[in-house]
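Coordinate-derived values only; no laboratory data. On a predicted model such as this, the values are computed, not experimentally measured, just so you know. With ideal geometry, Cβ positions are generated from the backbone for all residues, glycine too; neighbour counts draw on all protein chains shown.
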Amino acid sequence: MSLTIFLPCIVALLSLSNLNGLHAIKSNTSITAGSNSTWKSSSSDFEFGFYDLPNGLFLVGIWFGRIPERTLVWYLAPPVEPNSQIQFTSAGQLVVVHPNGTTAQTIYSGGNGGAATSATMQDDGNFVMKNSNLRPVWESFNFPADTILPGQTLQTNHSLYSKGRGPSNYSLGNFMLQMQGDGNLLLKAHQWADPAYWYTSTTTPNVNLLFNATTALMYLVGGGTGNIYSITNTTPTPVEDYYHRAAIDENGNFQQYAYRKRNGSGWSRVWRAVEDPCRVNVVCGVYGLCTSPDNESVKCQCLPGYISLDDQDVSKGCRPPAVINYCAENNFKLQVFDDTDFHFDTHLIRLAGVDFESCKKDVIDDCNIGAATYSQSTSTCVKKRLPLLNARNSTSSKGLKALLKVADRVESGTPKVSKKKSFNVRVLLKALLAVTATLACFLGSLAVYYHPFTRRIIRKKKHLNATTIGINFREFTFQELHEATDGFTRILGRGASGKVYRGALIIDGAEIGIAVKKLEKKIEKSEREFMTELKIIGRTHHRNLVRLLGFCIDNSHRIIVYELMPNGALSSFLFGEGERPQWGQRIEMALGVARGLLYLHEECNTQIIHCDIKPENVLLDANYIAKIADFGLSKLLNKDQTRTNTNLRGTMGYMAPEWLRSAPITAKVDIYSFGVMLLEMICCRRHIECCEDGKNSEDDDLVLSNWVLRCVVCRQLEVVVRHDTEVLNDFKKFEEMALVGLWCVHPNPALRPSMKHVMQMLDGTVEVGVPPLVYDMMMADQGL
C-alpha cells in the first residue's frame, strides 16, 4: 500500500535527477569559438558559449536561446579571436584560452570553493559551477555585467556597468547602476566622478535590488522588512508567457523589458528610470550636445565652435580648436539656441528676476562665463563656466534658451572693397591739430619729469616699506640680517631667484630660526619677483604654507625672511638615502599640500597660482608638517578672472602641457603638478627615473605616471609598490590616491578636477571614480 503511494514520487525524483544529469556539464570539456557549440539550459531558453560580434571576434557570454534576437544577459570582456576555447579543465577551473594555448581570462580559478566537478546552465539564466559536494562555487548571477534577470539580486555594494558604444564594443562603458551600502540605488556617469542623475533616496542600510521571479517586478529589500521601495509596478501578464530582463544600456538608462515567448516580435519596454534620454549626465561627453527627436534614441553633435575628439564617435566629446581667453580678447559672438539647456549643478551663478536681454548682457560682460540658460517662465538666468558637460535639446528643455559664447572664425574668400570716400580737408586739419597738441603735452611731461626737483622727489618715493605695499609684517635692516646669518655664510640652498641662508633672530625675547632668501642683483627681474612674493605671501596665512616673517629693502638688496623649516625639503625626505618614509606620514603630507593648494586657489581673497609645485618647493617643519614654499614664480589673478597669460614657468616633468602650447594658464597647471608629485609621494619614486646599470625591472617605466596608468589598466597596480609591505597592507588607500593622481595629470585641463574636488577625493567625502586616462587606454588597448 505504502509502495503504491510513494512510487509516483520516486519516479518523478528519478526523472528530475536524470534530466539534471543530462544537462550537467562535466569537467575536461570545452567550447571552440566559431563552432556554434554551446552549453544549453534544459529548456534551451538560455545558452552559454561564444557570442559572435560584427567585427569577427567572439565574446564569452550567456544569451536567450529561443528568440531570433540573440540578446546577451551576461558577458566577459574583452572578446577573443576565432578558435579560442572555453575550457572546463580537469583541475576544476573555467578558463578562456587563445588558439595558441595561452590563458586569456580566468572565469573560475578553483579558489576558496575548491575544484568544480560539474556545471549547469540553468533555466533562469544563471550559470552555476558546483564542487564534488554539489555545493555552488561560482554563479554568473553573482558577477553581473549590464543585465539582471528574474530571480537575480543585485547585492549591496555591487553594480551593473554599461557596455561601450557600438555593436562590437563591450569594454567598460561610462555609466553604472550602483546599489550603495547606505541603501541608495543610483545611476551615475562613473568615469566623470558624477554624483548621480537618478536615485531612489532610500536610506536603509544593507539593501538589495531584487528582480522577483514570480511577479517580474523589481524592488528594494533589506533589513528583514521586505519591500521597502518599488522600482516597477506593472508588467505583462501572465508573467510566465514572457521573457523578462532589466539592463543599463550604453547611453546610461536603466530599463526593464519583456518579450512574448510565443510569436513574439521583439523586446517591449516595461519601464525606464530616465524618461528623457538626454538627461543622462555626460551622455555626449564634454562640449557635446544631446538631441533626442523621438525621446528614445540619443544623437550627439558638437556645440558650435567645437570639434569632435573622435570623428568616428562624437559621444566621446568635443574640444575647442584653440583656447580663447574671454577676459583678454573680445573675438567671440553670443549664440542663442531655442529649446536648449545647459544642465547645471548646484554650484553655479543664478540670477533671478531678469529678462532675456539682461541675461545676454550679463553673459557678454562676464569674462568668466562661457554659457548660460534662460527660463522665461521663471525669469531666471543661470550662468555656467567651462567646460560644458550636459548640453541638451530634448523634451525636458522645451521653452528654455541656451546662450553660448562662440569664438569668431576667420572668414574665407575675397574681402570686400570699400567705396572710396571724397577727400575732406576739415578732417585732415583736425587730425593735425590733435597730433600737435599731443606732442606738446608729451614734450612738456618729459621736461617736468627730468627736472632736478622732480627727480629728488622720485628718489625719495623709491624707498619702499610695508605700509606702501599694503601688508603688515616687520621690515628688517640689512645689518640685522647680515648678523643673523653670520655674514650670509650659512647656505641652506639655492632657489630660482637667489640663495637661501640659515639664521637666527631674537623676536619678542625668544630665539627663532629663520631662512633668509637673498635675491641676487644679477637677476634681471629680481625686483618684480621680490614684489610678487612679498605681496602674495604677506597676505596669506595657512598651516600648510611657509610663513613670511618680514623683508628688507636696502639700496640694491632685496631680501625675504621666512620661518625656518628644520627638516628641509620634501624631495630629500622622499628620495634621500636611508629608510623609506612611513606610509602614514606620506598620506598626511599629501593631504597637507592639497589643503595648502586649496587655500591658494579658492580661499584667498585673491586667487594664487603657484606655477612650480614640486617636492623641492614643499618644506617640512619640526613636526614634519608639509608647507608649500617659493611663491616667486606665481602670478596673481584678479578676483573675477579665471585665466591669465604668463611666461613659461615651472620645472620640466611637473609642467602641465598647456605651458608648452602657449595657452592661457589657469589654476589647473597646479593640479597637474600636484598629480605628478602625489604619485611620487605614494610611490617614493621620482617621476622620471633613468635606468641604472639595467637593475630596474623590465616592468618599470621611465615615466612614473605612465607606469601607474599601465598597471591600473592591467589590474596590476600592486606591482608599483611590490617592495613596500606597509603600503600593500593598506592597498585600497594607495589605489584611491593613485587614481586621484591620474585624474590630475590628464593632458586636457578641462578634464582635471578642481583642487576642492581633489581634496574631497583624498579625504573620502566623494568617490574617486575611474580617471578618463584609464578609460582611454583601455579603449586603445582593445583597438576601439
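Would you mind ranking Ile559, Ile25 by Cβ crowding within 10 Å, fewest neighbours first?
Numbers: Ile559 22, Ile25 18.
Taking fewest neighbouring Cβ atoms as first place, the list is Ile25, Ile559.
With all distinct Cα pairs included, what does the Kirkwood hydrodynamic radius of the stretch 21-143 come out to in Å, to one decimal, could you say?
Value: 14.4 Å, from the Cα pair sum.
Where does each of Lys316, Lys733 land when they are ranked from fewest to most other beta-carbon atoms within 10 angstrom?
Values: Lys316 21, Lys733 16.
Starting with the residue having the fewest Cβ neighbours, the order is Lys733, Lys316.
If R₀ is 25 angstrom, what is the calculated FRET efficiency for the pair Glu69 and Ser42, using the beta carbon separation as r and rounding to 0.05?
On the way: r = 22 Å, r/R0 = 0.87.
Using R0 = 25 Å, I get an efficiency of 0.70.
So what's the net charge close to Ile25: Lys and Arg +1, Asp and Glu -1, counting the other residues with Cβ under 13 Å from its Cβ? Walk me through the intermediate numbers first.
Values: positive: Lys26, Lys40, Lys130; negative: Glu47.
Overall, the nearby charge balance is +2.
Rounded to the nearest Å, what's the spacing between the alpha carbon centres of the stretch 203-244 and the stretch 578-606? Just the number, please.
47 Å
For the stretch 705-784, divide the Cα radius of gyration by the Kirkwood radius and give the resulting Rg/Rh value with two decimals.
On the way: Rg = 13.0 Å, Rh = 13.3 Å.
Result for the stretch 705-784 is an Rg/Rh of 0.98.
Based on the alpha carbons, how large is the Rg to Rh ratio for the stretch 203-245 when Rh follows Kirkwood? Before the final figure, lay out each step's value.
Working: Rg = 11.5 Å, Rh = 11.2 Å.
For the stretch 203-245, the value is 1.03.
Using the Cα atoms of the stretch 262-391 to build a convex hull, what is its mean projected area in square nanometres?
Values: hull surface 42.3 nm².
Computing the convex hull of the Cα atoms and averaging its projections yields 10.6 nm².
Could you list Asp365, Asp670, Asp554, Asp146 so that the one with the fewest beta carbons within 10 Å of its beta carbon is first and the one with the most is last?
On the way: Asp365 8, Asp670 27, Asp554 15, Asp146 23.
Starting with the residue having the fewest Cβ neighbours, the order is Asp365, Asp554, Asp146, Asp670.
Pairs to check: Lys40/Lys163; Lys499/Lys732; Lys316/Lys398; Lys40/Lys188; Lys384/Lys627. Give those whose C-alpha atoms are more than 32 Å from each other in this structure.
Beyond 32 Å: Lys499/Lys732; Lys40/Lys188; Lys384/Lys627.
Does the stretch 131-276 come out rounded, prolate or oblate, given a ≥ b ≥ c as the square roots of the eigenvalues of its C-alpha gyration tensor, rounded meaning a/c under 1.5 and, failing that, prolate meaning a/b above b/c?
Since a/c stays below 1.5, the shape of the stretch 131-276 is classed as rounded.
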